[in-house]
Structures are given as C-alpha cells and as structure tokens.
Amino acid sequence: MSVRRRLAGTAVLAAAGLLAAACSSSGTSSAGGGSAASSGSAASSSASGQVTIGVDLTYNNTAFWSAYISYETQDAQQMHVKLLGPLLSAASASLQNQQIEQLVNEGAQAIVVNPETATSLGPAISYATAHHVQLVSVDTIVGVGKVYLVVRASNTLYGQDACAYISSKVKSGYVLDLEGDLTSSNGADRTDAFDSCMAANDPAVKVLKDPTVWTDATAVTDAQNAVNAYGSQLKAIYSQWSSPDTGIIPLLKSKNLGPGSANPVILVSDDGVPFEMCDIGNGSVSASQSQPANLYAQYALTYAVDAAKGVKLAAGQPGGGAPALQNVSYQGDTNLADPIVAPFVTKAATTLSLTSPVDGLPASFTTTAVSDQTLWGNAYGQSHGGVCASS
C-alpha cells in the first residue's frame, strides 16, 4: 500500500467532556447542524435530516476505546446523527451478532461495529443485509462477507514500525513480543509483520513470542517471566497494545531495567493514548504507534451516514485518512477500506530504515516527535487534565 507518514491537513478534534460508555441501546442524539470534515463524502453528512446509526463495540474499558467513544459522541452531535448504543459485546462473538440484529430491529439505518474477530460477523452481516442495513467495520478487517467500508490503519505497518525501531537499537539477546489475539486481523497482522521483519533485519536476536489474547494481566505476567528468565539479556519488549505498559513500566524499574539504568529495556507499544505520550516524553516508553482514535470515530461515522443515504463509493476515490480508498482482502473476502495512516511516535523525530521491508511497505520513514500537538493523544490528554494525568 502507498503510505504517508503524517496525517497532513487533519484538524484535531476537541475531546468531548464525558465518556459515553453506555451498555444499553438508549439513543444519544443532538440537534446540532453541520458536518464533520471529510474527503470525498462530506456532502452526504450534511444536516438534511437526522440519521440513526447503531454502534456495537467490543470494548470500552481501555484508554483508546474510551477516547474513541468520546470522539464519536461529539461527531454525532456535529453531524446531526442519532446514535443507538454503543452496545458492548464483551469479547462474545455470539452476543455481538445478537446485538447487531437488535440494532437493526430498533431502526438503525447503518451500523458501526468493531468486530470481535475478522471472521465472526457472518450472521450479523446476513441479517443486516436482508434488512437493507449496511455495516461499517472500525479497526478490524472483515473476512466473512461484505460490509460497506472498513476504517482501519495498516496493522502490518504497526508491526514493521516496531521492528524498525527495535532492530535499529538491538543486535543481540532477546526481544519479547506480547502478541494480541491471533484470531483477530489486528493481532495476526502485527505479529506476522514484526516476526518477519525481525527475522529478515535482525537475525541475531531471538524473538520470544507470547500470545496474550489482549489480556493485560497475561501480558504483564509474561513480561515478568521474561525478565526473570533472561535479565539484562532481555533487550526490548513489543507490547501490541498500550494497557500493559502500566504494569510493565514499574516491573522494569523494580528490576533495575528502566530508564537511567545500566541496561534499560526498550518498550514499544501501540495505541498513542495520552499516557503513552507522557511516558515517551519521560523515557519510560521508547515509541508507540499512534492509532488515531479521533479519525477512526470521525470516518466510521461519516461512512455510516454515507451507507444510510445510499452513497456509492469505489476504490480510487479520495479517502479521509488515506490518499485514496482501497480494496483490502482477508481470507478470500474483499472489502473497500479507508486505510488511515497512523504515525509512529518517538521522543524526537528520527529516520528509520530497513534492509528488508515487509509486504511492499516503505523501507525508510521518519517518526513523529512526541511534542507534536496534532497527535490525538496529546490533544485529548490536554483536554482531560494533561497527558500525564492518567499515567
């Protein structure tokens, strides 16, 4: 895929004051006019009448998804959208399919869904299609049927970026990969890209592969076991999401492997939440992929409105977070996507290069300095008491 390294020209949305973490489908509505800024489909989100959009998410109990819900609530107000939800499936694929049927029956004209896995939505897609309702998948590729659009950054890029940073610093010893759920496209893509990249570009380093199924306690325990087993020979940890950082950072400090020690362990994570911006600034975290919660919310909702209004989209048309809409495939199914670009954040901007990039991705790129106030984690953090408030 063609990848831009910066979110050029994107306005940072002001964060909503309250987090809408409701578990029922009681609607959140607003009479506010106007529309969110978007590329290619802005006209479809004009306030010509209220549109009812259902929302079904897997989680609301992480910093990333709490921020996502807050942005989505604000965007709905700006776009004159009535929200049904968000319903929360709590890692149950069967419950999520039932909830989507419920949203269809309650009058949702389109539905934004964060699927449990790339292949778990089959019954929901069939039911919604039979009732002329289309789904927009946010953060996860769909490989079990047709959806209107996928709003998701390249998780292959996430794994390669983490590899590029770690391989530039580590030439021996052990690196721990705290894998997400390998049945999800996100966990699988990050893992496959990281492992392939490390094998090709840093072959003297042994990668320890620990699956966690996105469970924070498992990740922290795995990190503790690696520290106990390998000590100073453990050179880096790649945590595929941000939440484990809060347990790993004090663990490393207690073992004299934190910042300022003789053998500090590099910690790289994914999400770009406010506390990661704080931790990168103070050296506790070395780098993080800034998965843009604000743009995920904005464009998922924008495309859901397009779906409700019957707007026809095609590959090659201008995207919101990417230069153009593209087709993405997973397990034989192909769906249209807006592959939003996620910056890789380090303390200072630096250029990283690989001898052997993954899957046709660029071999060289420049990171984004944590001081960049256009990063969503900085903007959201500043509006919620500062980036270090929850660190």
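Side notes on the structure shown:
- Tabulated pairs, the range 87-102, first not assigned by TED's automatic domain parsing to the domain that holds Glu72, second buried (at least 19 other Cβ atoms within 10 Å of the Cβ), C-beta under 8 angstrom, 6+ apart or interchain: none
- In the range 62-75, the residues that are within 12 Å of Gln298 (Cβ to Cβ) reach residues that are among the aromatic types (Phe, Trp, Tyr) and in a helix (DSSP H, G or I) with C-beta atoms within less than 7 angstrom, at least six apart or across chains, in these pairs: Tyr68/Tyr296.
- Taken together, the residues in the range 214-238 that are of a type outside the set (Val, Ile, Thr) and either within 17 Å of Asn61 (Cβ to Cβ) or not assigned by TED's automatic domain parsing to the domain that holds Asp189 (or both) amount to 4.
- Selection of the range 210-220 for residues being touching a helix residue (DSSP H, G or I) at 6+ places or on another chain (Cβ under 9 Å), surrounded by 15 or more Cβ atoms within 10 Å (Cβ to Cβ) and outside any loop (DSSP other than H, G, I, E, B) yields Asp210, Pro211, Asp216, Ala219, Val220.
- Residue satisfying all of: in the range 336-366; buried (at least 17 other Cβ atoms within 10 Å of the Cβ) and out of contact with any helix residue (DSSP H, G or I) (no Cβ under 8 Å at 6 or more places or on another chain); nearest to Lys171 (Cα to Cα) among these: Pro343
The values are calculated or read from the model by the stated rules, or taken from the named source; none is laboratory data. In this text, all values refer to a predicted model and were calculated from it rather than measured experimentally. Please note: Cβ atoms are built from the backbone with ideal geometry, for glycine as well, and neighbour counts cover all protein chains shown.
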